[in-house]
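The block underneath contains the structure these notes are about, expressed in structure tokens.
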Amino acid sequence: MKLVFAGTPEVAVPALDALIASDRHEVAAVVSRPDAPAGRGRRLVASPVAERAAEAGIEVLKPAKPRDEEFLARLREIAPDCCPVVAYGALLPKVALDVPARGWVNLHFSLLPAWRGAAPVQHSVIAGDEVTGASTFLIEEGLDSGPVYGVLTEEIRPTDTSGDLLTRLAFAGAGLLAATMDGIEDGTLHAVPQPHEGVTLAPKITVEDARITWSAPALRVDRVVRGCTPAPGAWTVFRGERLKLIQATPVLDRTDLAPGELSAAKNNVYVGTGSHAVELLWVQPQGKKPMKAADWARGVRIVHGELLGS
């Protein structure tokens, strides 16, 4: 098939690579979000997908909105058979959805109908799911509600951050998307409607969502830290300034600390929660680089009974 691939962030690059490498399909063009400011100089930078496509000599389309007439005209001119999508980052209007004969097929990082939305992996980790996966489905006008072509499953490990899990899913999902394109092309794969039961939503995680509530159980604190790593980053407040929490682990045998109460030893930093304590392993004070929590504690000289979060 002639394909137009749509995607933007680094997580979409493995799927683009898999389709470029396929000897059954032609990636005729790539659609990505417009260049965005990045770094201290706020210089405009192309997305990882746009950069990879340019390296491969593939035409890159960067519409401000996918309903722009110039973009739609070029898409019709290319006349793709199918448009595979991974984390493109913009809603596709019906006028765009109608262009490819075999539709737009999305690789979504959950086992649909669970975790429809922008942040399925983060929500899966925060919810304490033991298994997640990826799904390929035909895009409709609804939110991730289209019929499913294929799925794969992936275990969520006890120490996984959303970044760890998303990396594994990106590479496994690349193979799933390529196989889905093959099955659509040769007619061996047919989309199956999603069940109405089991629908959960995964909206974007906000900075406020990532703030730690120390009265919550330790397992919940651990999941929020892991689910919000690397972005937007779990955080709390210490002495009026934001403290980012990069890595923490529950300590099941310590229950003597009140929620948010700090206790620092030579090489360990503990915080009380609504159940047992958690040990802080890596933190990032406001305006500074990430550091071991024990080094941070020595530098700030924690006072007995001092609290996080207040």
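The values are calculated or read from the model by the stated rules, or taken from the named source; none is laboratory data. What you see is a predicted model; the values in this text were computed from it and never measured. We place every Cβ from the backbone using ideal geometry, glycine too, and count neighbours over all the protein chains shown. Heavy atoms of the whole protein, side chains included, go into the accessibility calculation; ligands, DNA and RNA do not. Shrake-Rupley method; radii C 1.70, N 1.55, O 1.52, S 1.80 Å.
Restricted to the stretch 32-60, and to residues there that are aliphatic (A, V, I, L, M) and in contact with a helix residue (DSSP H, G or I) (Cβ under 6 Å, 6 or more places away or on another chain), the residue that is surrounded by the fewest Cβ atoms within 10 Å (Cβ to Cβ) is ALA56.
Residue under question is THR200, and the condition is that it be surrounded by fewer than 20 Cβ atoms within 10 Å (Cβ to Cβ), touching a residue at least 40 places away in the same chain (Cβ under 8 Å) and touching a His at 6+ places or on another chain (Cβ under 8 Å); does it hold? Against the criterion (surrounded by fewer than 20 Cβ atoms within 10 Å (Cβ to Cβ), touching a residue at least 40 places away in the same chain (Cβ under 8 Å) and touching a His at 6+ places or on another chain (Cβ under 8 Å)), THR200 qualifies. Give the residue that is farthest from the chain's Cα centre (by Cα), with candidates limited to residues of the stretch 278-292 that are buried (at least 21 other Cβ atoms within 10 Å of the Cβ) and touching a residue at least 40 places away in the same chain (Cβ under 8 Å). Per the criteria, the residue is VAL278.
For GLU241, the requirement of being surrounded by 13 or more Cβ atoms within 10 Å (Cβ to Cβ), closer than 18 Å to THR213 by Cα, of a type in the set (Asp, Glu) and at pLDDT 95 or above is not met. Would you confirm, using the coordinates I've provided, whether ARG157 is within 27 Å of GLY260 (Cβ to Cβ) and among the basic types (Lys, Arg)? Taking the combined requirement at face value, the residue does not satisfy it. In the stretch 244-272, what residues are within 30 Å of PRO9 (Cβ to Cβ) and either outside any strand (DSSP E or B) or open to solvent by 70 Å² or more (accessible area, probe 1.4 Å) (or both)? Selection gives GLN247 alone.
Going through the stretch 248-271 one residue at a time, which ones are closer than 17 Å to ALA216 by Cα and in contact with a helix residue (DSSP H, G or I) (Cβ under 9 Å, 6 or more places away or on another chain)? ALA248, THR249, PRO250, VAL251, LEU252, LEU262, VAL271 - these are the residues of the stretch 248-271 that are closer than 17 Å to ALA216 by Cα and in contact with a helix residue (DSSP H, G or I) (Cβ under 9 Å, 6 or more places away or on another chain). The listed residues are LEU189, LEU177, and the only one of them that is modelled with pLDDT of 95 or more, touching a helix residue (DSSP H, G or I) at 6+ places or on another chain (Cβ under 6 Å) and open to solvent by less than 20 Å² (accessible area, probe 1.4 Å) turns out to be LEU177. Of all residues in the stretch 1-26, none that is modelled with pLDDT under 95 has its Cβ atom under 6 Å from the Cβ atom of a residue that is buried (at least 23 other Cβ atoms within 10 Å of the Cβ) and not β-branched (Val, Ile, Thr), 6 or more apart or on another chain.
Considering the stretch 145-173, the residues that are of a type outside the set (S, T, N, Q), under 25 Å from ALA90 (Cβ atoms) and over 15 Å from the mean Cα position of the chain (by Cα) include one that is most open to solvent (accessible area, probe 1.4 Å), namely VAL151.
Kindly indicate the residue of the stretch 216-238 that is among the β-branched types (Val, Ile, Thr) and more than 20 Å from the chain's Cα centre (by Cα) and also surrounded by the fewest Cβ atoms within 10 Å (Cβ to Cβ) among those meeting that condition.
It comes out as VAL237.
Going through the stretch 149-175 one residue at a time, which ones are small (Gly, Ala, Ser) and farther than 14 Å from GLU130 by Cα? Selection gives GLY150, GLY163, ALA170, ALA172, GLY173, ALA174, GLY175. For the stretch 100-135, the tally of residues that are within 22 Å of ALA79 (Cα to Cα) and either without any contact (Cβ under 8 Å) to a residue 60 or more places away in the chain or open to solvent by 10 Å² or more (accessible area, probe 1.4 Å) (or both) stands at 4. Does at least one position in the stretch 289-299 carry a residue that is in a loop (DSSP other than H, G, I, E, B), among the charged types (D, E, K, R), out of contact with any Ser or Thr (no Cβ under 6 Å at 6 or more places or on another chain) and modelled with pLDDT of 95 or more? Looking for residues that are in a loop (DSSP other than H, G, I, E, B), among the charged types (D, E, K, R), out of contact with any Ser or Thr (no Cβ under 6 Å at 6 or more places or on another chain) and modelled with pLDDT of 95 or more, one finds at least one in the stretch 289-299, hence yes. Evaluate the stretch 21-31: report whether one residue or more is open to solvent by 50 Å² or more (accessible area, probe 1.4 Å), under 27 Å from SER145 (Cβ atoms), among the charged types (D, E, K, R) and out of contact with any strand residue (DSSP E or B) (no Cβ under 6 Å at 6 or more places or on another chain). No: zero hits.
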